[in-house]
Amino acid sequence: MFEKINVFLKKYVGNNKGNEIVAFVLVLPFLILPIANTVNMLTDLVIYDTMRQAAREALLRMEIEGGLTGDGLYALEGYLQSKGLDMNKVNIDYTPYPVKYGDEVRVRVSYEYKARRYTIGLGGIRRVDENETMVYGPLSSVSKKYER
Amino acid sequence: MKMKRWCMVLYRQFQRNMRDKRGSGVIVFGLLFLIPFMIFSMFLIESKLLYTEKSMADDAIVASCLAALKSNNPYDAAYGEYYLEPVAARNTFNKYLKANMKLDDDYNPLPGSIANSQVKVEDFRIYNPGDYPTACPRGVLINKTALHVVVRFQIKRPALTGLFGKTVNITIHRDVDNFYSLEE
């Protein structure tokens, strides 16, 4: 790869056109960096928003059904999976069914993910991966399930 | 080693270009473009983050309202029109609002809370049988036993504080009854 770059530089460096290319190459990392970081941060935020919506829906269901039933858990996991989350890295803490009328129901969803960011140094653009956990909740309400 | 050599070649060429003013236009233009471009990137992320934080607060308030809607008589609440005892409903709402938004007894944020200031419950109204059909002060039609809540607080702005200020004012208005369903 470096050989190809050297050939390219020998061909163009030294004339006006080449100078502009070299200048563009120098500026390019600074332009790529915000794009790459914006995309990665927005991706993480979209995942968090997915977790939030899943937890919110689960809580409303738990409130009506008196805790999270097997079907409710299946639907919650299915939703998260359909949005591309790795279920081995998802942890759901919830109040299981049955819960008496007026008692507390609670849900908390966490997800272990790799936060990917890019930095710039003398060696060029560098990728930094860090293991992080995003947590939503606990969100609590009460059960409205009443059976005579 | 090759990488270092390549960088040095680029650096020397950069020095020559700047001296000769050949190609410097591209660099200056690129760097000038960079500033608004980075601000726009930050604006995008910040908007999404603030929207998510507002939605989280909204979830906390809806969950607290649903908790407050529990009636002392479950049979009425489950099968028909029911009367909500105002003091008990308010106490339950306060208890769950504090738990869901991570607030202390004075409604000030605890570590991990999305709020950055004291959370103020500006309006809390209970609509019991006899009060409805009516409309809440913000114009939403009330047909069932319901709660009308307006909560106001501030959240910290993560970036662009110099442009738009350090905090963002958030106002959440919700009218919640036992038939509440997701809107998003």
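The values are calculated or read from the model by the stated rules, or taken from the named source; none is laboratory data. Everything numeric here is computed off the predicted structure, so don't read it as measured data. Neighbour counts run over all protein chains shown; Cβ positions are idealised from the backbone, glycine included. Each accessible area value is taken on the protein alone, full model and side chains, heavy atoms only, with ligands, DNA and RNA left out. Shrake-Rupley method; radii C 1.70, N 1.55, O 1.52, S 1.80 Å.
General remarks:
- Those helices (runs of 4 or more DSSP H) of segment A:1-119 in which at least 2 residues are open to solvent by 20 Å² or more (accessible area, probe 1.4 Å), facing chain B (nearest Cβ under 9 Å) and at pLDDT below 90, considering only elements entirely within it, cover A:2-12, A:16-65.
- B:Y83 meets all of the listed conditions (1) within 17 Å of B:D177 (Cβ to Cβ); (2) modelled with pLDDT of 95 or more; (3) part of a loop (DSSP other than H, G, I, E, B) but one, namely (2).
- If you go through segment B:64-113 and keep only what is among the small types (G, A, S) and closer than 18 Å to A:E63 by Cα, you end up with B:S64, B:A67, B:A68, B:S71, B:A77, B:A78, B:G80, B:A89, B:A99.
- Restricting attention to segment B:85-98, the residues that are in contact with a helix residue (DSSP H, G or I) (Cβ under 8 Å, 6 or more places away or on another chain), of a type in the set (A, V, I, L, M, F, W, C) and surrounded by fewer than 20 Cβ atoms within 10 Å (Cβ to Cβ) add up to 0.
- Among residues of segment B:160-184 that are within 14 Å of chain A (Cβ to nearest Cβ) and farther than 22 Å from B:R138 by Cα, those with a beta-carbon under 8 Å from a residue that is surrounded by 10 or more Cβ atoms within 10 Å (Cβ to Cβ) and modelled with pLDDT of 80 or more at least six positions away or on a different chain give the pairs B:L160/B:I39; B:L160/B:M42; B:L160/B:F43; B:L160/B:E46.
- Boolean, B:N128 is closer than 28 Å to A:Y146 by Cα, surrounded by 15 or more Cβ atoms within 10 Å (Cβ to Cβ) and within 14 Å of chain A (Cβ to nearest Cβ): no
- Whichever residue in segment B:29-56 is more than 20 Å from the chain's Cα centre (by Cα) and more than 9 Å from chain A (Cβ to nearest Cβ) and, among such residues, is modelled with the lowest pLDDT: B:L32
- Breaking point among (1) open to solvent by less than 30 Å² (accessible area, probe 1.4 Å); (2) away from every other protein chain (no Cβ under 14 Å); (3) out of contact with any Cys (no Cβ under 7 Å at 6 or more places or on another chain), for B:N116: (1)
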